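> Please see the structure below; I have some questions.
The values are calculated or read from the model by the stated rules, or taken from the named source; none is laboratory data. Owing to the predicted nature of the structure, the values given are computational and were not obtained by experimental measurement. Glycine gets a Cβ as well: all are built from the backbone with ideal geometry, and neighbour counts include every protein chain shown.
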Amino acid sequence: MDWRIKGVVQKALSLVPFGMAGNDLLQRTLGARRKLDRQVASKVNDDWVILLEHMTELGISPKGLDYLEIGTGWYPTLPVCYALAGAGRCFTFDLNRHLDAAHALRLIDALPPHLPAIAKASHRPLAEVEADFAYLRDARGIDELLERARIDYRAPADASDTRLPESSVDVVYSNSVLEHIPGPIILRILEESGRVLRPGGVAIHSVNCGDHYAYFDRSITQINYLSYSESEWAIWNNDIQYQNRLRPQDLLELAEKAGLEIILKKHRAAPKLLEQVKTMKIAPEFRKYPPEQLACTSIDFVARKPA
């Protein structure tokens with residue numbers, strides 16, 4: 001189906017009362033969240049394990065650390081994984097309250113096949129991870145589950161103004177979230193991260209900076225949206241699935257502007273997209289970028305608060 005149809009439907013929902021709730025219902029009944037087991041597998045193995053690999057590469061053990069997550073979503077997969085890795089606490093912030101008991105408990109039901117991967121990534125004995133998981137699984141309801149996992153869920157809440165004490169967490173992280181936030185607000189979030197991080201603490205962000213409509217319409221690529229000017233893109237962009245179209249270098253510059261030091265960055269231009277850039281129409285706003293930035297659809301980076 002044409003991506004423009006999804007854009008129009010989401011824009012209409014974003015403009016009417018209870019439109020967000022309506023979109024949530026569509027996602028539960030027709031969208032990807034019907035296949036929660038598959039979503040959990042991807043969240044653990046393709047997302048959380050990668051975050052742990054970055055920490056391991058930098059010599060950071062996850063055990064005993066305090067975390068701040070930006071963007072909880074519909075089920076707290078990453079905070080639960082960090083709890084099983086031996087985390088201290090995890091504060092998780094979301095602009096809208098999506099988390100509910102049914103999704104959280106289904107998450108727990110879907111986790112057992114992934115416990116060995118969690119143990120391996122966190123360098124914990126599998127028996128310890130299984131024991132901690134059994135403790136979580138015995139929780140009676142979502143409130144007790146969050147308490148046992150040492151998760152402090154805050155929504156609706158503003159990650160750019162957390163009200164957490166200064167220097168109170170060790171790691172701030174997000175996964176597939178920053179691409180949905182306007183650049184000036186990302187800067188405020190990164191500045192707030194610098195405030196709440198302890199000296200030497202790190203911010204770890206995995207950003208999908210490709211056109212999300214390409215997941216819906218296979219006839220376009222993940223750089224399709226770079227052919228539209230700001231005024232043209234405003235027709236299709238919407239508050240339900242807002243896309244800022246920032247390129248990897250923009251995100252790194254925002255982190256440095258916030259006073260953080262980039263200590264790890266991983267991004268690569270896709271060869272097929274590099275070929276496409278040579279012939280596609282590029283909107284004026286993006287002509288200043290080299291082809292490698294235009295053809296790159298994801299970036300992982302770690303920024304450190306100076307000690």
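> Quick check on my filter: what residues within the stretch 213-232 are touching a helix residue (DSSP H, G or I) at 6+ places or on another chain (Cβ under 8 Å), farther than 25 Å from residue 268 by Cβ and not acidic (Asp, Glu)?
229
> Now for a separate question. Of all residues in the stretch 87-102 being small (Gly, Ala, Ser) and closer than 10 Å to residue 150 by Cα, which is surrounded by the fewest Cβ atoms within 10 Å (Cβ to Cβ)?
Result: 88.
> Pick from 173, 242, 215, 228: which is at pLDDT below 95 and of a type in the set (Ser, Thr, Tyr)?
Result of the check over 173, 242, 215, 228: 215.
> Looking only at residues that are among the small types (Gly, Ala, Ser) and closer than 14 Å to residue 39 by Cβ in the stretch 103-139, which one is surrounded by the most Cβ atoms within 10 Å (Cβ to Cβ)?
Filtering first and then ranking leaves 104.
> Being in contact with a Ser or Thr (Cβ under 9 Å, 6 or more places away or on another chain), hydrophobic (A, V, I, L, M, F, W, C) and part of a helix (DSSP H, G or I) is the filter here; which residues of the stretch 191-232 pass it?
Of everything in the stretch 191-232, those that are in contact with a Ser or Thr (Cβ under 9 Å, 6 or more places away or on another chain), hydrophobic (A, V, I, L, M, F, W, C) and part of a helix (DSSP H, G or I) turn out to be 196, 214.
> Oh, and also: Taking the residues in the stretch 277-307 that are touching a His at 6+ places or on another chain (Cβ under 7 Å) and assigned to a strand (DSSP E or B) as candidates, determine which candidate is nearest to residue 232 (Cα to Cα).
298
> Only one of 254, 274 is out of contact with any strand residue (DSSP E or B) (no Cβ under 9 Å at 6 or more places or on another chain), buried (at least 20 other Cβ atoms within 10 Å of the Cβ) and not in a loop (DSSP other than H, G, I, E, B); which? Before the answer, list the steps.
Details: 274 fails: buried (at least 20 other Cβ atoms within 10 Å of the Cβ).
From the options 254, 274, the qualifying one is 254.
> Additional query: If you go through the stretch 198-215 one residue at a time, how many are over 30 Å from residue 82 (Cα atoms) and either among the aliphatic types (A, V, I, L, M) or surrounded by fewer than 16 Cβ atoms within 10 Å (Cβ to Cβ) (or both)?
Count: 1.
> Which one of these is touching a residue at least 40 places away in the same chain (Cβ under 8 Å), crowded, with 18+ Cβ neighbours inside 10 Å and either polar (S, T, N, Q) or in contact with a Phe, Trp or Tyr (Cβ under 6 Å, 6 or more places away or on another chain) (or both): 222, 249?
Going through 222, 249 in turn, just one is touching a residue at least 40 places away in the same chain (Cβ under 8 Å), crowded, with 18+ Cβ neighbours inside 10 Å and either polar (S, T, N, Q) or in contact with a Phe, Trp or Tyr (Cβ under 6 Å, 6 or more places away or on another chain) (or both): 222.
> For the stretch 68-178, list the helices (runs of 4 or more DSSP H) that sit wholly inside it and hold at least 1 residues that are under 22 Å from the mean Cα position of the chain (by Cα); which are they?
77-84, 101-110, 115-122, 142-148
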